[in-house]
Amino acid sequence: MTLAPLAIAITAGAIAKTPVRFPHPMLTEILYAVPLDKEDELHGDANLDGRRDPIGDEFIELTNPHDRPIPLGGYALRDLKHTRGNRVEFVFPPFDLPPGATVVVFNGYQAGIAEPYGDERNLPAGTHPSFHDAAVFTLRSGSRYEGLANKGDGVLLIAPKGFVVEAVSWGDTKNFEPFRCDNHTHLEPIWRSSIARDASGAWVPHDVVSSEAYSPGDPTNGATLAHAPPTPQPPP
């Protein structure tokens, strides 16, 4: 199935070099520690439902950096700790992700995200104007424990055949189940913003490349899409 409204224009430079090979998408932004500002009650309301939630506003963003569509059905996003009752996992339903297009997967716990959005069974009716015309999905998390751990966790992008395409982790992960991935970046925990790619493709705090703490749906974060792969760092 092709989600036709996802077609967008891209520049030739945006797909010159990427951290992943075709036909895989790449991770471009992760919000695992929803920022808090006691003077601004909507600071951290990444899903724009009118309230900040430390779990429901978490999101993972990925993008097709290639010049051809990607059959995204069957790709999975999974957290690194992945313990029973505390796991984060999402499997995309069948659809084609056009070149340069982006998808955002919100946690969705107690969230009132505006339409259009999809889930593991249903595609969104179209792209979302409030999120840079990205396709928006939700985990439909039913528990406040089903979220990314701020002090130590990670996100795995897993291909339909079961291997890990890309991994981004942070903090203390030494007691988590080991995995194999040649494209693994490990970071110190970030509390004030999401983590995102800068113009070189490296993972940095979002507020280093933008005045905003996060930008779900915008893989460039106001800059140029990655032109060079990041340097993988071993876990601690």
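A few points about this structure:
- Near Asn221, no amide H atom lies under 5 Å from its own; only residues 5 or more places off or on other chains count, and H is placed 1.01 Å from N.
- One quarter of the convex hull surface built on the alpha carbon atoms of region 65-157 amounts to 6.4 nm², the projected area averaged over directions.
- Under 5 Å between amide hydrogens, built in the peptide plane, is the criterion, and for Leu187 it picks out Ser169, Trp170, Gly171 among residues at least 5 positions away or on other chains.
- Taken over region 142-221, the convex hull of the Cα atoms encloses 140 Å³ per residue.
- Ranking of Phe176, Phe22 by neighbouring Cβ atoms within 10 Å, starting from the fewest: Phe22, Phe176.
- At 1.306 mPa s and 10 °C, Stokes diffusion of region 1-218 via Kirkwood alpha-carbon radius, µm² per second: 92 µm²/s
- Percentage relative contact order, region 1-218, counting C-alpha pairs under 8 Å, at least six apart: 23 percent
- For region 178-218: relative contact order, % (alpha-carbon pairs under 8 angstrom, 6 or more apart): 27 percent
Bear in mind these aren't lab numbers, they're just calculated from the coordinates by the rules spelled out. Since the structure is predicted, the reported quantities are computational estimates derived from the model, not experimental observations. Using ideal geometry, Cβ is built from the backbone for each residue, glycine included, and neighbour counts are taken over all protein chains shown.
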